[in-house]
Each structure stands twice: as C-alpha cells, then as structure tokens.
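First comes the structure, then the notes that go with it.
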Amino acid sequence: MTKRKGSNSNPVAAGIVDSFVRRSHQVIQLGHDRLVPKDLAELEEPAITGKLVDAIKEALDADDAPRWSKHFWPVDDEPVTVGTKVGKDRPKIDITVYSTSKKPTRLFRFEAKRLSSTTHPAGIYLGEDGMLSLIKGHYGLVEWAGMIGYVQSESCSDWADKIRNAVTTDPKKHLANEPVKFAELGSGELKDVFYAVHAHKNQNCRITHILLMAS
C-alpha cells in the first residue's frame, strides 16, 4: 500500500489500513477460486498472473460478488513512476489492487513468483527480483506490499515453512527486523496469509505472503 504519513499513529486509522490490506488479499482469492490450479501447471508467471487478474474481474462483476468488493479493481503489469524513471523505463508491478471506497484512492501492490522445487526455489522468490525488490523500494516506498507465490510443486504449507525458515535463519539477508516475527494477516479465509516486518534505509514495511496452488 502507498505510504501515508502518520497513518499508524491513530488506532482507528490503523484499523482502516488493516481492513484494506485484508480486503486486497480477499480480492486475490476471489479470482483464484475461479481458476483450475492444474490448468496453470505449465504456465509462466506472466500468463498465470494474467489469468488470475481476468478471473478477479469476472468475480467482481458477478451477481454474487460480495457487497464490499464493488469498490475494488485489479490491474496487472502496471508501470510505476519511481524517481526519475519515465515512460518505458518505469518498472512494472505484477498486480495492483485499487480501492475507491475512500479518497484518496488506495492501492496495494503485489509481486508474483512461481515456486517449484526444481526450477523456482525460495531464493528467487525472496531475492532481488522478488521480495527484496518491494523492500528496497523498486516500486516506490511502501508500508505494506505483498508477495504472491504460485505453487507448482509440493503444497502451500510446505512453501510457507520454507519461506519462514529462510527469513528466520538469515534475517540480515532478507532485511527482516530481528527477532523475526511472523503474524497471520487475519482469520477465516486469510488464516494462511502471513507477514513479517522488514527495514531498508530506515524505512519499515510489512511484506505479506499469499500462496496459491498452480498445479
């Protein structure tokens, strides 16, 4: 989510932020629920992300869409203006979820990576082209941002353990605040979404992890 000065100083304001973050992840899950994971097994990340965003849009447009979802909309492969980078030089974030329920418009950015024990290990997911790109401000400074893991081998719980263990074992490599503490984003359908606090150049941010079966 874009950083807002003092947004966590007021408990009520902090609650609004947390609600938006949770809803952003529910939006991702609404789309994934419409996909058949085995149909994604041979696809590269951009193709999976495109199918996921199309499915999210279908879910949000459906007659049975949750009432809260009318304020949300996803965009994939969106250029982000950062520093002096303009035009085609702007980095592109995999998924941005927008909410117009309050002004100014809120947004939550997700970086997506495949997870496979043979071709796409946790190191890539957590590295410079994955989680660290969010922490280091490649897409701008944020206080919340999310990683999406497309699980193409083993299970989501297996990869959750690998991610937690890697960050806990080497917090400095992953710019994690010590001692490393992982927390669940919410209960119910979000009970498997977890996050930790990271820091880079005195900028703290929370990185969430949502793992989706893609095989």
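The values are calculated or read from the model by the stated rules, or taken from the named source; none is laboratory data. Computed from a predicted model, the values in this text were never measured in an experiment. Here the Cβ is made from the backbone with ideal geometry for all residues, glycine too, and neighbour counts use every protein chain on show.
Can you list residue pairs whose Cβ atoms sit under 7 Å apart, with the first residue in the stretch 137-151 being within 15 Å of V197 (Cβ to Cβ) and part of a loop (DSSP other than H, G, I, E, B) and the second being basic (K, R) and modelled with pLDDT under 95? Count only pairs 6 or more apart in sequence or on different chains.
From residues that are within 15 Å of V197 (Cβ to Cβ) and part of a loop (DSSP other than H, G, I, E, B), the pairs are L141/K3; E143/K3.
Name the single residue, out of those in the stretch 122-136 being surrounded by 16 or more Cβ atoms within 10 Å (Cβ to Cβ) and assigned to a loop (DSSP other than H, G, I, E, B), that is farthest from the chain's Cα centre (by Cα).
If we take residues in the stretch 122-136 being surrounded by 16 or more Cβ atoms within 10 Å (Cβ to Cβ) and assigned to a loop (DSSP other than H, G, I, E, B), then K136 is farthest from the chain's Cα centre (by Cα).
Can you tell me which of (1) closer than 26 Å to T84 by Cβ; (2) of a type outside the set (V, I, T); (3) free of Cβ contacts under 8 Å to residues at least 24 places away in the same chain is the one L132 doesn't meet?
Every listed condition holds for L132 apart from (3).
Could you tell me which residue of the stretch 86-95 is nearest to H25 (Cα to Cα), considering only residues that are of a type outside the set (D, E) and surrounded by fewer than 20 Cβ atoms within 10 Å (Cβ to Cβ)? Step through it out loud before you land on a result.
The initial filter retains those residues of the stretch 86-95 that are of a type outside the set (D, E), namely 86-88, 90-93, 95.
Of the ones still in play, those that are also surrounded by fewer than 20 Cβ atoms within 10 Å (Cβ to Cβ) are 86-88, 90-92.
Working: V86: 29, G87: 29, K88: 29, R90: 25, P91: 22, K92: 20 Å.
Checked the stretch 86-95; the qualifying residue nearest to H25 (Cα to Cα) is K92.
Quickly run through the stretch 167-190 and pick out the residues that are surrounded by fewer than 16 Cβ atoms within 10 Å (Cβ to Cβ), in contact (Cβ under 8 Å) with a residue 12 or more places away in the chain and farther than 18 Å from I210 by Cβ.
N177, K181
Kindly indicate whether T118 is in contact (Cβ under 8 Å) with a residue 24 or more places away in the chain, in contact with a Ser or Thr (Cβ under 9 Å, 6 or more places away or on another chain), surrounded by fewer than 17 Cβ atoms within 10 Å (Cβ to Cβ) and hydroxyl-bearing (S, T, Y). Steps first, answer last, please.
Working: in contact (Cβ under 8 Å) with a residue 24 or more places away in the chain: yes; in contact with a Ser or Thr (Cβ under 9 Å, 6 or more places away or on another chain): yes; surrounded by fewer than 17 Cβ atoms within 10 Å (Cβ to Cβ): yes; hydroxyl-bearing (S, T, Y): yes.
Yes.
Can you find a residue in the stretch 156-174 that is assigned to a strand (DSSP E or B), more than 17 Å from K113 (Cβ to Cβ) and of a type in the set (G, A, S)? Can you show your working first?
Here is the first cut: in the stretch 156-174, the residues assigned to a strand (DSSP E or B) are none.
For the stretch 156-174, residues assigned to a strand (DSSP E or B), more than 17 Å from K113 (Cβ to Cβ) and of a type in the set (G, A, S): absent.
Is there a residue in the stretch 37-59 that is in contact with a Leu (Cβ under 9 Å, 6 or more places away or on another chain), farther than 23 Å from S157 by Cβ and in contact (Cβ under 8 Å) with a residue 40 or more places away in the chain?
No, the stretch 37-59 contains no residue that is in contact with a Leu (Cβ under 9 Å, 6 or more places away or on another chain), farther than 23 Å from S157 by Cβ and in contact (Cβ under 8 Å) with a residue 40 or more places away in the chain.
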